[in-house]
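Participant: Take this structure first; my questions come after.
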Amino acid sequence: MTSTDDPAGMNVRSGSFFLAIAVGRCAHCGRQTAVVAIGLPAGYEQLEEGDWRTAPEPTLLFDIDALSADVGRVLRDCFPLFHPGGDAQSGARRWRNHCESCGDPQDDYWLHCEPAAPFLPLTPQAASRIDLVAIDAALLASACGFSAGVPFLDAMRRDG
Ligand SMILES: [Zn+2]
């Protein structure tokens, strides 16, 4: 299940979302490649122990197992390098960025979790190299990774 309108199994929902676009370095070929993350504004909801709870802070999502079909269509149109891809080790088919040069899937850990990773900037200057694109559409997702708070979100560039 990687793209569906079935709410079963989904654990995140929001009335709108945004795309954060950064530049990373491919773990396979070493070339620079554009990478995207899905962000949610404060007030998105997360399913915890059967209850939908409102989150007070914005977040970036990662380790995404499934996205609602219309969100999947937005990604296909705006950023086709982000699509479900297999993990050779676990066999999981999560949504991943793929290198624009060699096509290799990029691990979310190296994009989101290491200090100074493309989506974990340590300074406002680094954050200012991330572009934000607001998408006025509802989102339903199944995700394991949340970078709650999104440090330096205000320093990122807003498109329009
Ligand atoms: Zn590559």
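Participant: Could you give the length gained by full extension between Ser101 and Cys29, i.e. 0.36 nm per residue of separation minus their alpha carbon distance, to one decimal place?
Facilitator: Values: separation 72, 0.36 × 72 = 25.92 nm, distance 0.79 nm.
Difference between extended and current length: 25.1 nm.
Participant: Suppose every K and R has +1 on its Cβ and every D and E has -1 on its Cβ; what is the size of the dipole of the chain about the Cα centre, in Debye to the nearest 20?
Facilitator: Details: 12 positive and 21 negative charges, 106 e Å.
The calculation lands at about 500 debye.
Participant: How much length, in nm to one decimal, is gained on full extension between Leu47 and Asp159, taken as 0.36 nm per residue of separation minus their Cα-Cα distance?
Facilitator: Numbers: separation 112, 0.36 × 112 = 40.32 nm, distance 3.00 nm.
My answer for the length gained is 37.3 nm.
Participant: For the range 62-68, what does the Karplus curve 6.51 cos²θ - 1.76 cosθ + 1.60, with θ = phi - 60°, yield as ³J(HN,Hα) per residue in whole Hz, taken in order and with x for Gly and Pro?
Facilitator: With coefficients 6.51, -1.76 and 1.60, one gets 8, 6, 8, 8, 8, 10, 4 Hz.
Participant: Per residue, how big is the convex hull of the chain when only Cα atoms are used? Give it in Å³. Please report the intermediate quantities before stating the final value.
Facilitator: Working: hull volume 17.9 nm³, N = 160.
Taking the convex hull of the Cα positions in the chain, it is 112 Å³ per residue.
Participant: Taking square-rooted eigenvalues a ≥ b ≥ c of the alpha carbon gyration tensor, is the range 109-160 rounded, prolate or oblate, where a/c under 1.5 means rounded and, failing that, a/b exceeding b/c means prolate? Don't skip to the answer; put the middle values down first.
Facilitator: Numbers: a/c = 2.38, a/b = 1.12, b/c = 2.12.
Verdict is oblate for the range 109-160.
Participant: Can you find, among Ser14, Pro118, Phe146, the residue sitting farthest towards the positive end of the charge dipole of the range 3-148, where Lys and Arg contribute +1 and Asp and Glu -1 at Cβ?
Facilitator: The one lying farthest along the dipole's positive direction is Pro118.
Participant: With no other cysteine's Cβ closer than 4.7 Å, which Cys residues of the chain count as lacking a disulfide-compatible partner?
Facilitator: So far as the 4.7 Å Cβ criterion goes, Cys78, Cys113, Cys144 stand without a partner in the chain.
Participant: Still on this structure, please answer the following. Short version: ³J(HN,Hα) in whole Hz for each residue of the range 121-132, in order, from phi by Karplus 6.51 cos²θ - 1.76 cosθ + 1.60 (θ = phi - 60°), x for Gly and Pro, what are they?
Facilitator: Result, ordered by residue: x, 9, 9, x, 4, 5, 5, 5, 8, 9, 9, 10 Hz.
Rule-based calculations on the coordinates, nothing more; no lab input. Note that the structure is a prediction, hence the values are computed from the model and not measured. A quick note on method: Cβ atoms are made from the backbone with ideal geometry, for glycine too, and the neighbour counts reach across all protein chains shown.
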